[in-house]
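Sharing a structure here in structure tokens format.
The values are calculated or read from the model by the stated rules, or taken from the named source; none is laboratory data. Bear in mind that the values here come from a model prediction, so they are computed numbers and not experimental data. Virtual Cβ from ideal backbone geometry, glycine too; neighbours counted across all protein chains shown. Calculation scope for accessible area: heavy atoms of the full protein, side chains included, ligands and nucleic acids excluded. Shrake-Rupley method; radii C 1.70, N 1.55, O 1.52, S 1.80 Å.
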Amino acid sequence: MYKVEDCKIVNLPKIHNDAGNITVLENNKNIPFDIKRIYYLYDVPMGADRGGHGHYALQQYVVAASGSFTFVLDDGVNKREFFLNDPSKALHIQPGIWREIKGFSSGSICFVLASQKYNESDYIRDYVEYLKYKNDTPII
Ligand code: TYD
């Protein structure tokens, strides 16, 4: 069972030249899980909050591909905020972590690499249920 301390900002490789930057992510090279799904959030209205759930098994790399937003991670004991605004950095979210996403800047794009295909039964959408799951599962 992971804690928010286990969720970290990771520096991604950046190929830079006068015409700009490229960041390349490849399975089995610079990602600690097999990428099974990619999705992105965009056109998020000002003031909208997203997230509000945990996952039993899903791991994610989250990148601010454009603009900025804040992830609030919560392990049922501690909370940690991550402000993302740099496409060359990813937030690695470990399994079993509750997340809220807020403060989307206009035009921001939240790009997510996920370790599993979409599976609604991997979600915990009720915070009380999440706390119960955490309390019933020993923290490593
Ligand atoms: P959700 O993960 O709750 O969004 P967020 O955490 O960004 O607020 O997903 C929103 C809706 O989209 C929900 O009805 C499930 C659906 N969805 C899929 O069908 N497939 C996916 O891969 C994702 C991420 C969401």
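What's the extension gain from Asn78 to Ile22 if we count 0.36 nm per residue and subtract their Cα-Cα distance?
Using 0.36 nm per residue and subtracting the Cα-Cα distance, I get 16.7 nm.
Could you please report the charge total around Ala48, scoring K, R as +1 and D, E as -1 over all other residues with beta-carbon less than 12 angstrom from its beta-carbon?
Net local charge, Ala48 excluded: -1.
Applying the Karplus parametrisation 6.51 cos²θ - 1.76 cosθ + 1.60 with θ = phi - 60° to the phi angles of the range 126-134, what ³J(HN,Hα) value in whole Hz is obtained for each residue in order, glycine and proline being reported as x?
The phi angles translate into 10, 5, 5, 5, 4, 4, 5, 4, 5 Hz.
Considering only DSSP beta bridges with both partners in the range 1-123, what is the antiparallel share in %, to the nearest 5?
Among the beta bridges of the range 1-123, antiparallel pairing accounts for roughly 100 percent.
Rolling a 1.4 Å sphere over the protein heavy atoms, what is the accessible area per residue of the chain, to the nearest Å²?
Per-residue value: 56 Å².
Sort Lys3, Lys8 from largest to smallest accessible area, using a 1.4 Å probe on the heavy atoms of the protein chains.
Lys8, Lys3
Which whole-number percent is the relative contact order of the chain (Cα, under 8 Å, 6+ apart)?
The normalised contact order for the chain reaches 35 percent.
Whole-Hz Karplus ³J(HN,Hα) for the range 35-47, in order, using 6.51 cos²θ - 1.76 cosθ + 1.60 and θ = phi - 60°, x for Gly and Pro?
For the range 35-47, the Karplus curve yields 7, 9, 7, 10, 8, 9, 9, 7, 6, 6, x, 3, x Hz.
Can I ask one more? With a 1.4 Å probe and all protein chains kept in place, how much accessible area does Ile22 have, in Å² rounded to the nearest 10?
We get 100 Å² for Ile22.
Taking the chain, how much of its Cα-Cα pair set, in percent, is spaced more than 17 angstrom apart?
Percentage above 17 Å: 60.
Between Gln94, Gln60, Gln116, which gets the highest mean-square fluctuation from a Gaussian network model of the chain, Cα cutoff 10 Å?
In this elastic network of the chain, the residue with the biggest mean-square fluctuation among Gln94, Gln60, Gln116 is Gln116.
Moving to a separate point now. Considering only protein heavy atoms and a 1.4 Å probe, what is the carbon-and-sulfur percentage of the accessible area of the chain?
That share works out to 51 percent.
Output the pairs from Lys14/Lys134; Lys79/Lys132; Lys8/Lys102; Lys29/Lys132; Lys29/Lys134; Lys14/Lys79 with a Cα-Cα distance over 28 Å in this structure; if there are none, say none.
Over 28 Å apart, Cα to Cα: Lys14/Lys134; Lys29/Lys132; Lys29/Lys134; Lys14/Lys79.
So, one more: Tell me, what is the 1.4 Å probe accessible area of His16, in Å² to the nearest 10?
Number for this one is 130 Å².
Another question, then. Tally Lys/Arg at +1 and Asp/Glu at -1 over every other residue whose Cβ is under 11 Å from the Cβ of Ser115; what's the total?
+1
Sort all Cα-Cα distances of the range 82-140 into consecutive 5 angstrom bins from zero, then give the percent of pairs in each bin up to the one containing the longest distance.
In whole percents, the pair-distance histogram is 4, 12, 21, 21, 20, 14, 6, 2, 0.
Residues with amide H under 5 Å of Leu58's amide H, sequence separation 5 or more or different chain, H placed in the peptide plane at 1.01 Å from N; which?
Excluding prolines and chain starts, which carry no amide H, the hits are Gly96.
Within 15 Å, Cβ to Cβ, of Gln59, how many net charges do the neighbouring residues add up to if Lys/Arg are +1 and Asp/Glu are -1?
Local charge sum for Gln59: +2.
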